[in-house]
Amino acid sequence: MMVLLWIRGVLARRFLRVAGAAAGIALAVALLAAMSLFLADAGASMTARAVSAVSIDWQVQIIPGADPDLIGKALTQAAPVKAAHQVRYADVAGLEAQTSGTTQTTGPGQAVAFDSRYPTDFPAEIRSLSGTLDGVLIAQQTAANLHVGPGDTVSIQRIGLPPAEVRIAGVVDLPDADALFQAVGLPPQAAPQAPPDNVLILPRETWRQVFDPQQQVRPDTTRLQLHVRLDRETLPPDPVVAYTSVAAAQRNLEARVAGQALVADNLGSRLGAVREDALYASVLFLFLGLPGIALAVALTFAVTASGAARRRTEQALLRVRGATTKDILLLSATEAAVAAIAGTAVGMAAASLLAIVAPGLNPALGLDGPTLLVVAIFGLLVGFIAFLYPAWLDARWTTVTAARRTVSRPSAPLWQRLWLDCLLLAAAGLLFWQSASTGYQIVLAPEGVAATAVDYKAFIAPALFWLGIGLLTIRLSARIIASNGTLLRMIVAPVSGALAPVVSAALSRQSGRLTIGIAMTALAISFATSTAIFNTTYNAQARIDAELTNGSDATVFGTADKPAGAHLAALASLPEVATAEPMQHRFAYVGADLQDLYGIDPNRIGRATSLSDAYFSGASAAGTLALLAATPDGVLVSEETVQDFQLQQGDTINLRLIDARDHQYHPVAFKFIGVAREFPTAPKDSFLVANSAYVARMSGSDASEYVLMRAKADPAELARQASSVLDFDPSLKVADIGQAAHLIGSSLTAVDLGGLTTIELSFAVVMAAAAAGLMLALGFFERRRPFAILAAIGARPRQLAAFLWSEGLLILVGGIVFGLLSGLLTAWMLVKLLTGVFDPPPEALSIPWLYLAVMLGLVAASVAVAVWSARPSAGQAAEQLRDL
């Protein structure tokens, strides 16, 4: 009966505080559940993207003398195999062709044999450019070197045997050449092997006729592989579990073949990289959400602590009347149960609703039972601790006399005496300085797929900074308010007028309560600001990353024989095109190294693609392009080439370009004027950028192999329009920015943050408004008696409003100033620490001005509502005093 009476009294007399605590618990539970759902969805998305980026799951190289049939049988027993094909490789000393009365030769290369069904099961390995796929195929660059096409004859310089001639049936592109020609069995620390420059693809029977004799003479020049595609439908959605499953199957196969074959686990390597990214994503996204969860928990504790004086008085009265500590804790537990159960239930319901309405989330994925149980237990624990712990402290350590004392001497808390805030900020600065120099490192796996190394210590710095800036806010706010100085009077003067000295003096006696309100508001605004800025920067940079890979919103990729620039007029007239610019893609020899050469118009290339300052070393993008435009024979060289050839700016570089008039490579003099780290569509390692006019004049051809197109609105629609115009030529490939493939890069930037952004920014706005308005309202609720006394002794409503509005303005100004400053610094730290995730790194933070304006407007509105609702009712001061 006593418990029921207590609950009834609490709901009748302290409903606002119980509801506020329940709201804090609901926010914490809902955010934790929604973040858990997002992480599960992000993991499944990462796994799907990783699997789609790998064409050949396993490459099983059979040791000479082993039985391929036995290896194939062991393969089907070790893993669920969807397709497996034998692929034969042979080294060749060179290739030769005679066309138009001239003879062209190449260096060493490889001849590969696929069976007839290989392109069906591995469609990403071969892309037809011209001719047919039935017969001998030649790689695009090899065809350009030899200047051959369908119907021409190529002489294969076999090793240890006379040449053999074959007739070309088609020209193809090999998009996955890195994996197709990787060296199987190299140690993990070995550098990846570059694919051959010259490649022929022969039917299996033709390969046997040409290279079986070479295999007998030089068995070390041929090899046999099984290319395997696993049944990916059986893969778990979680990348960590999927990696474990694939790695276990690989070890099972190795045990079964007992040294008769070597396995290159491309799928496992990719999943291993994504596994690291998934763990990184967990830390990153939880870090972005944990301040919100911590803020909701802190709000719950602040709400319960706002009535600490009244609670101590009530407990003292109970103890005087014979209540034991157990009785007091039981009554507090009933109050906690009401808030905890209600808050947890509301939070779980809100999370379920968010899973349905938030973009980018898959509600069908759901959360497993253990996760839901942990989230529910978390909410209940927060509620009970928030109510029971203060009650236990007061009952255990506070005497009845001290509890009933209305005036006490304030003392600085221990953390202020130890200067813990400054120590935390100093530690954050030191760790940030250490981590920012390393950041997020991306390396290339020996199997030719991306792998990622993660510096998890990097997240300690923002966490320490967040805690330190919160404590520093309390210290500075308390000092400003308690000192009752000029700054405090200046803040309250706009709403208190002539009463500013009196109001500021009254506020200085409430510094403890006001400081907590300012700190909670500042932390909420900081969370909203840092989350919004980071998410906006992340989304903007992810688009730049994709544009770097694709070239522009939509790009038409052609070849030397079928240049996309020939259709520039038709492409530029498409309804969705904002601008279209041609770009040359040639090949040039730097010494003996064949590199990609891009010819551009420096004055116009920026109309079709974004060129970041981070693309260039030692100068801005605008400055570098202006220098290139002013130097007709100038060339920008990649960092790797500069280091490999020990180049100095101003050096003359003789590049060998193929001349369209005689189809031979001739040296052309270029002047080295700058270093390019990145360039649209360029590979990550070695490339060159020059003036297209100079390249055209020196090579005898003004053809542009690529066309970059900027879309007016939807890049996908532009790509569809371009494809419909060019559907007569299958050698022209159209890709939009949404299709950009990151073979080398972080799958972290491939994760859609739409769901996370909706969740975090929605919670951030709610918590910012709640922290300011609720804390202010609870403070007014506790001070109803002083305001009633002022009204009873003759204070006019305008004079009472001066106290109320001054308190609201103080919390609002302090919260906004400290919150925006700390939020901006936190976002800057996160982006700086994660510079390596973005390719290229961001030049500056992207500020979501509209969101910040809306958020600050809602905070101000919540303060205004709290002040308006706290106004004493006219003529009812006596009745209020009797009630209080």
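Bear in mind that the values in this text are calculations on the coordinates, not laboratory data. Bear in mind the structure is a predicted one, so any value in this text is a computation, not a measurement. Glycine also receives a Cβ, built like all others from the backbone with ideal geometry; neighbour counts cover every protein chain displayed.
Structure data summary
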item	result
Cα-based shape type of the stretch 521-579, given that a ≥ b ≥ c are square roots of the gyration tensor eigenvalues and the cut on a/c is 1.5	prolate
Reach of K733 by Cα under 26 Å, taken over lysines that are not fewer than 8 positions away in the same chain	K562, K684, K712
Under 18 Å from the Cα of K82 - lysines, other chains or at least 8 residues apart	K73
Anisotropy class of the stretch 538-694 from Cα gyration tensor, a/c 1.5 cut	oblate
Burial ordering of I156, I544, fewest other beta-carbon atoms within 10 Å first	I544, I156
Residue order, fewest to most beta carbons within 10 Å, for R8, R208	R8, R208
Placed amide H near S704: partners under 5 Å, 5+ positions off or other chain	G565, A566
